Each structure stands twice: as structure tokens, then as C-alpha cells.
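Below is one structure, written out as C-alpha cells; the observations come after it.
The values are calculated or read from the model by the stated rules, or taken from the named source; none is laboratory data. Computed from a prediction, not measured in an experiment: that's the story for all the values here. Neighbour counts run over all protein chains shown; Cβ positions are idealised from the backbone, glycine included. Note: areas computed on protein heavy atoms with side chains; ligands, DNA, RNA excluded. Shrake-Rupley method; radii C 1.70, N 1.55, O 1.52, S 1.80 Å.
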Amino acid sequence: MKINEIIRQKRTEKGYTQEQIASFLGVSAPAVNKWEKAISYPDITLLPALARLLGTDLNTLLSFQDDLTKEEIGIFINELVSIADTEGIDAAFHMAQDKLHEYPTCDLLLLNTALTLEGLIIMSKTTVQNCRYAADIEEMYTRASKSCDPAVSSHAKAMLISKHRKRKEFDAARRLLNELPDTTLYNKKQLEATLCQEEGNLEQAAQIIEGKILSEISGVQSALLTLVEIAVKEHHLSEAEQLTEIAKETGRLFDLWDCNSHIADFQLAVAQRDTGECLRALEKMLPGLCQEWKPDHSPLYRHLSMKGTNMGSRMLSGILNELEDTENHEYDFLREDTRIQNLLDQYHSVVKMP
């Protein structure tokens with residue numbers, strides 16, 4: 001609430017008339033009337049006495065509030081859209097300015113107001129660049145980009161990067177890009193790739209996107225394998241079988257390391273205590289671990305330069321150790337099968353066992 005509304009509310013709650021307030025403070029009744037109508041405001045020297053008289057504090061009297069709540073901001077944004085629909089973008093812009101003047105330090109309000117105004121302009125089929133409010137909206141983003149709230153700041157910077165990029169102000173765009181944290185609402189890698197593409201550096205743009213795809217889809221497949229483990233432990237074997245197929249198909253679609261598919265088959269076979277299926281999975285998985293994976297042979301990752309990591313060799317060593325660890329009783333039924341023992345023996349020479 002504004003100060004005039006607070007004075008009127010608190011006076012009414014106390015049961016005072018305007019004349020009584022005027023008498024207590026040594027001012028005229030018309031002066032109090034003007035305060036409550038927001039025609040004028042109390043002299044600063046009267047504020048402490050007025051606050052005590054109304055049974056409140058200066059912060060409340062002056063409506064000091066650092067931020068609106070998310071719910072209050074949501075309500076205001078809805079009102080802003082409604083005003084734009086009924087009275088036009090000019091009325092909405094002036095309503096937004098009034099609110100921002102009332103809450104100049106509320107960064108979330110600032111960001112959401114800028115986003116909403118820009119969206120309203122786009123929906124009116126007017127390009128933001130040609131709109132007379134373009135500079136004001138960009139200034140809102142600039143102010144929001146300096147917020148102490150990382151989410152607000154990152155979102156605002158991402159919007160500014162887009163504007164600089166469209167104007168081919170690549171240096172300014174890259175400065176803001178470098179300020180973004182790696183983890184942000186707006187994917188930094190995607191923004192960087194778009195900027196590289198605009199600059200004409202297509203190879204670097206492709207490397208960024210291919211690396212992003214490889215990283216994210218590898219994470220998805222890893223998560224699917226974890227879900228297989230969970231389904232197995234919950235004894236939902238039919239669900240585990242479905243998840244295994246999804247993980248394998250994901251690997252095939254995105255040209256991931258073939259060994260991961262065999263790992264999923266092996267996990268499921270172990271859960272079902274199926275020695276024959278375990279053997280078949282190992283016969284595919286172990287040779288695969290000895291072969292170098294070359295993702296740059298795929299059109300999905302052809303711009304990536306992947307250095308050898310010996311990942312397969314390390315995994316092979318770990319698997320052999322785990323299968324032969326007699327304290328790990330999960331694989332006791334496999335150790336009793338001579339076919340599997342013979343297969344494991346073949347790979348002892350491939351890795352240096354500890």
C-alpha cells in the first residue's frame with residue numbers, strides 16, 4: 001500500500017478522525033485530508049510522531065518493502081496483460097512504469113515486466129526494435145542483469161546477448177556471455193554456439209553443440225541404466241526389461257559407445273540369475289571394452305576431437321575385479337560356471353590386474 005492508504009487505514013483502525021490527527025500533530029485538518037488523498041505528503045519531521053500516533057513504524061508507514069512476492073508479481077503481470085488487451089500497449093507500459101517506480105529494487109518484478117512488455121509487443125506484430133519502448137525495455141534488462149539474484153541476472157543477460165547478437169554487436173554479446181555461470185536457466189553453451197554461428201565460426205559452433213549433445217545424451221543413458229538397477233531391486237523385472245531396451249535404443253540412435261548397451265543387458269541378466277544371458281552379454285561387452293570408441297566417426301560428433309582416455313581398459317579392469325571379488329556375493333552363481341571363468345581368464349592378459 002501507498003503512504004496515503006496506510007495513513008487512512010491506520011487512522012480508521014485507531015478510531016481517530018482527521019481533525020483529531022491534525023490536532024495531535026499541530027497541523028490543519030485539510031492537511032491530513034490531503035495526505036489521505038495523496039495530494040500532498042506529511043513533512044519529514046512529522047513522520048516519527050505520525051508513526052507513533054498510528055501505532056506503526058516508519059518502515060510500514062513509508063511502505064518500505066524490498067520485494068514483492070512471486071504471487072504478487074504474478075497477479076500484477078496478469079493485470080498488465082489485461083490492461084494491454086483492453087486499453088493498449090501504451091497504457092500497459094505506463095502501468096508498468098508506475099509499478100517499477102513503486103518497487104525500484106524488486107529485480108524479479110523488473111525482469112518479468114520487461115519480458116511481459118516485450119511479449120505483448122511481439123504479439124501485437126510490432127517488432128521490438130521498431131517499437132518506441134524498445135530502449136526502455138532494454139534498460140530494464142540492463143538493470144535486471146546487475147541483480148544479486150543469479151537466476152534473474154542470468155536471464156536478463158541472456159536477453160541482452162540476443163539483442164546484441166541481432167545488432168551484430170558481438171564483442172558486447174561475448175562479454176555478457178563470459179559473465180554467465182556454466183549452470184544457468186538459459187543454456188550457456190547454446191548461447192555461445194549461436195553467437196559463434198553469427199560470427200561465422202561454424203566449426204566452433206558445431207563443436208559446442210556436438211559436445212553438448214554427447215554430454216547430455218550420455219547423462220540420459222546413464223540415468224536410464226540407473227533406473228534399470230532400481231527396477232531390478234524393486235523386483236519389477238518387466239519394467240527393467242523395457243528400460244533396458246530404451247537405454248539400448250538411445251545408444252543406437254545417438255551413436256553412443258556400444259558397450260553401454262551390453263552393460264544394460266548384463267545388469268538385467270544378473271538380476272534374473274540367467275547364466276546363459278550373462279555369458280552372452282559378457283561375450284559382447286568385454287571385446288568392446290578393448291576397442292577404442294571413436295565418436296568423431298559419427299555425423300553427430302564429426303567436429304569433435306576426442307583424445308584417447310583408456311576408459312575401456314579401466315572399465316575392463318574394474319569389471320574383472322568385481323566379478324572375481326569373492327566378497328561380492330551378487331556374482332556367486334557366475335563363478336560356478338566354467339564357461340564364464342574361461343572367458344574372464346582370456347582377458348587377464350589385456351589388463352594389468354592389481
Percent carbon-and-sulfur accessible area, the chain, ignoring ligands, DNA and RNA, probe 1.4 Å:
51
Under a 10 Å cutoff between Cα atoms, tell me which one of R339, R52, R165 has the largest fluctuation in the Gaussian network model of the chain.
R52
Under a cut-off of 27 Å between alpha-carbon atoms, report the lysines in cross-link reach of K163, not counting same-chain residues fewer than 8 places apart.
K70, K99, K125, K146, K188, K189, K212
Quick one: accessible surface of Y331, probe radius 1.4 Å, all protein chains present, in square angstrom to the nearest 10.
20
Starting from the Cα-Cα distance between I122 and E330, subtract it from 0.36 nm times their residue separation and give me the gain in nm to one decimal.
68.8 nm
Once both labels are modelled 7 Å past Cα along the beta-carbon direction, what's the N59-E283 spacing in nm?
7.5
Taking the Cα-to-Cβ direction at A151 and at A172 and moving 7 Å from each Cα, how far apart do the two end points lie in nm?
2.8
Rounded to the nearest 10, the angle in degrees between the Cα long axis of helix 170-179 and the longest principal axis of the Cα atoms of the chain comes to 80
Give the cross-link partners of K37 among the aspartates and glutamates, using a straight C-alpha distance below 18 Å as the criterion and excluding same-chain residues fewer than 8 apart.
E5, E13, E19, D98, E102
Give or take rounding to whole Å, what are the principal axis extents of the alpha carbon atoms in the chain, in descending order?
105, 51, 39
To the nearest 0.05, the calculated FRET efficiency linking N78 and H236 through their beta-carbon distance, R0 being 30 Å, is 0.10
Cα-based helix-to-principal-axis angle, 89-102 vs the chain, degrees rounded to 10:
80
The helix 275-289 Cα axis meets the longest alpha-carbon principal axis of the chain at an angle in degrees, between 0 and 90 and rounded to 10, of 80
Answer with one residue from N78, Y103, L25: the one whose Cα lies farthest towards the positive end of the charge dipole of the range 17-118, charges on Cβ with Lys, Arg +1 and Asp, Glu -1.
L25
Pairs of alpha carbons in the range 151-224 whose separation is greater than 15 Å (percent):
56
Taking 51 Å as R0, compute the FRET efficiency from the Cβ-Cβ separation of H101 and E203 and round it to 0.05.
0.55
Taking 45 Å as R0, compute the FRET efficiency from the Cβ-Cβ separation of Q20 and E179 and round it to 0.05.
0.20
Can you give the longest stretch of the chain with no exposed loop site, where a site means GluC sites (Glu not before Pro) in a DSSP loop (not H, G, I, E or B) with at most 15 other C-beta atoms within 10 Å?
1-168
Figure the gain on full extension for E249 and D296 (residue separation times 0.36 nm, minus the Cα-Cα span) and round it to one decimal in nm.
15.0 nm
Where does the charge balance sit around S28 when Lys and Arg score +1, Asp and Glu -1, over other residues with C-beta under 12 Å from its C-beta?
0
